[in-house]
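The values are calculated or read from the model by the stated rules, or taken from the named source; none is laboratory data. Since we're looking at a predicted model, the values are computed, not measured. Cβ sites come from the backbone with ideal geometry, for glycine too, and all protein chains shown count toward neighbours. Accessible surface areas use protein heavy atoms only, side chains included; no ligands, DNA or RNA. Shrake-Rupley method; radii C 1.70, N 1.55, O 1.52, S 1.80 Å.
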Amino acid sequence: AGVPHIVAKTDSDALFAIGYLHGQDRLWQLEMQRRISSGRVSEILGEDSLMLDQFMRTLGFYAAARKSLPSLSTEAKESLDAYVKGVNAAIHDTKELPAEYKILGFEPEPWTDVDSLVTLNLLALNLCGNWREEINLLMLTEEFDKKTADQVMPNYPEDGINTINPAIKADAVVLSSLNTLFSSIEKELKLGSRGVGSNAWAISGKYTSSGHPILANDPHLGTQIPSNFYVANIKGRMLHVAGGTLPGLPFVISGHNDHISWGTTNMMADTQDLYKEIINGDNPDYYQLNGEMVPMTVRIEDIKVKAKFPEFLRDRLEPVKWKVRATQRGPVISDVTGHLSQPMSLQWTALVEQNKTYESFRHFNYATDWNSFQA
């Protein structure tokens, strides 16, 4: 059925091999994932992608991934290293690059461990959605009242935590612009659409002819070609897994080993919070924290932009200087909309410095029972 089967003497060799296969069969997919995550699409597609790059640079996926690397175990780092070497070996061995490289006139850079880790951030961006709900709930609450908002958005429990501060009014134009921004990102990247989610169910062995349980998992990400997943059977010395891998990562996301099977579902948890920041009128790069005005973290990003077609007939464009501001809570994403007077920052679990999601995926590929999987 076109499913590759890897048999290796060591686990490192097996992970090298799946990296090689991803690089061989999905190189352009890896390229676009990396460029989207790092905010480097404009340098190959031009100024139409500038807002997307500004948004991704503001989120700072690459900075978050770099900071999370030291928190990974030695084994996790070694597994990443083996995979990365496999991808780069495939790039080195490729005699005929995918047509997109020729059309756009560039060659792939070496793959890195950070490129792999941000694959998880991109997956998180695809599956998150409660920032939209937060904005809609805030707009309803400020325009009408809590009772009306609850009728329109009835899913939130009455006794749930409510952190809306009525004393701080949000600018309706800013909120509307953020909604438009998120809609644009969804449309451009085909990420986070309403159809995205997941289902899972299990049947006890009491009800099956084999006496064993049956697990079904439907991680319905947005349909794309090639698929989000790359199905493989990977066997090393200790590792033996089969199922869906994600190009960019070596381990099986949904599948089984010799002992257990597992699926992956989106719990629709509240992982994001938007903050209406109070800023200093004289210096907008200062914001209120615990009653005091403190400086934001500010950095300047250079975004390269490709000239319009035909490029060789046009002057080279100077890189766009993009100012990224962040509070202690997170990046000020409202800057991407151009509305700077009412900053709104984003706090999100995908941006924490000690993100061990990759570590978890590695561990449950080796798990042998419920307790080791749950740990």
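Which of rounded, prolate, oblate describes the range 196-274, given a ≥ b ≥ c as roots of the alpha-carbon gyration tensor eigenvalues and a/c under 1.5 marking rounded, otherwise prolate only if a/b is larger than b/c? List each step's numbers first, then the result.
Numbers: a/c = 1.93, a/b = 1.20, b/c = 1.61.
Taking the square roots of the gyration eigenvalues as a ≥ b ≥ c, the range 196-274 is oblate.
Amide H of residue 240 versus every other amide H placed in the peptide plane: which residues, excluding those fewer than 5 positions away on the same chain, fall under 5 Å?
For residue 240, the qualifying residues are 258.
Restricting things to Cα coordinates, could you compute the convex hull volume per residue of the range 31-106 in Å³?
Working: hull volume 6.7 nm³, N = 76.
Expressed per residue, the convex hull around the Cα atoms of the range 31-106 is 88 Å³.
Residue farthest toward the positive end of the dipole of the range 95-160, with Cβ of Lys/Arg at +1 and Asp/Glu at -1: which of 122, 139, 149?
122
Rounded to the nearest 500, what is the chain's calculated 222 nm mean residue ellipticity when only DSSP H runs of at least 4 contribute -39500 (n - 2.57) each, over all residues?
Details: 13 runs with 144 residues, N = 375.
That comes out to -11500 deg cm²/dmol.
Multiplying the sequence separation of residue 201 and residue 293 by 0.36 nm and subtracting their Cα-Cα distance, what value in nm do you get?
28.1 nm
Return one number: the angle in degrees, 0 to 90 and rounded to the nearest 10, between the long axis of the Cα atoms of helix 50-59 and the longest principal axis of the Cα atoms of the chain.
Taking the Cα atoms of the chain, the angle to 50-59 is about 80 degrees.
Between residue 146 and residue 210, with labels modelled 7 Å along Cα→Cβ, what's the label distance in nm to one decimal, could you check?
Roughly 5.2 nm, to one decimal.
In whole Hz, what ³J(HN,Hα) sequence does the range 132-145 give by Karplus (6.51, -1.76, 1.60; θ = phi - 60°), x for Gly and Pro?
5, 5, 4, 5, 4, 5, 5, 5, 5, 5, 7, 7, 10, 8
Could you tell me the extents of the range 1-57's C-alpha atoms along the three principal axes, largest first, rounded to whole Å?
Extents along the principal axes, in whole Å: 47, 24, 15.
Along Cα→Cβ, 7 Å out, is where each label goes; now give me the distance between the ones at residue 329 and residue 265 in nm to one decimal.
3.2 nm
Cβ neighbours within 10 Å, averaged per peptide: list 248-259, 197-208, 11-22 in order, most packed at the top. Write down the numbers at each step before the final one.
Numbers: 248-259: 21.2, 197-208: 12.0, 11-22: 23.2.
Descending mean neighbour count gives 11-22, 248-259, 197-208.
The range 308-370 to the range 83-132: how many Å between their Cα centroids?
Centre-to-centre distance over Cα atoms comes out at 16 Å.
Which ³J(HN,Hα) values, rounded to whole Hz and listed in residue order, are derived for the range 226-231 from phi using the Karplus coefficients 6.51, -1.76 and 1.60 in 6.51 cos²θ - 1.76 cosθ + 1.60 with θ = phi - 60°, glycine and proline given as x?
x, 4, 4, 9, 9, 7
For a quick check, take a GNM of the chain with Cα springs below 10 Å and name the residue from 51, 296, 267 with the largest mean-square fluctuation.
Comparing 51, 296, 267 in a Gaussian network model of the chain, the most mobile one is 267.
Roughly how many nanometres apart are two label points built 7 Å out from the Cα toward the Cβ at residue 104 and residue 318?
Between residue 104 and residue 318, the label points sit 2.6 nm apart.
Charges at C-beta only: +1 for Lys and Arg, -1 for Asp and Glu. How large is the resulting dipole of the chain about its Cα centre, in Debye rounded to 20? Present the calculation step by step, with values, prior to reporting the outcome.
Working: 35 positive and 46 negative charges, 126 e Å.
So the dipole magnitude of the chain works out to roughly 600 debye.
Tabulate in residue order the Karplus-calculated ³J(HN,Hα) for the range 116-126, using 6.51 cos²θ - 1.76 cosθ + 1.60 with θ = phi - 60°, rounded to whole Hz; enter x for Gly and Pro.
For the range 116-126, the Karplus curve yields 6, 4, 6, 4, 5, 5, 5, 5, 4, 5, 5 Hz.
Please work out the average accessible area per residue across the chain, using the 1.4 Å probe convention, and give it in Å². Let's see the in-between values first.
Details: 20480 Å² over 375 residues.
Result: 55 Å² per residue.
Checking the table 190/235; 85/356; 235/356; 276/356; 67/306; 102/306 against a 26 Å threshold on Cα-Cα, which pairs fail? Can you show the working numbers first?
On the way: 190/235 33 Å; 85/356 21 Å; 235/356 24 Å; 276/356 29 Å; 67/306 30 Å; 102/306 15 Å.
Flagged as over cut-off: 190/235; 276/356; 67/306.
Percent of accessible area on the range 49-164 owned by carbon and sulfur, 1.4 Å probe?
Details: 3310 of 6060 Å².
Ligands and nucleic acids excluded, carbon and sulfur give 55 percent.
With angles folded into 0 to 90 degrees, how steeply does helix 11-25 sit against the dominant principal axis of the chain? Use alpha carbons for both and round to 10.
Approximately 70 degrees, to the nearest 10.
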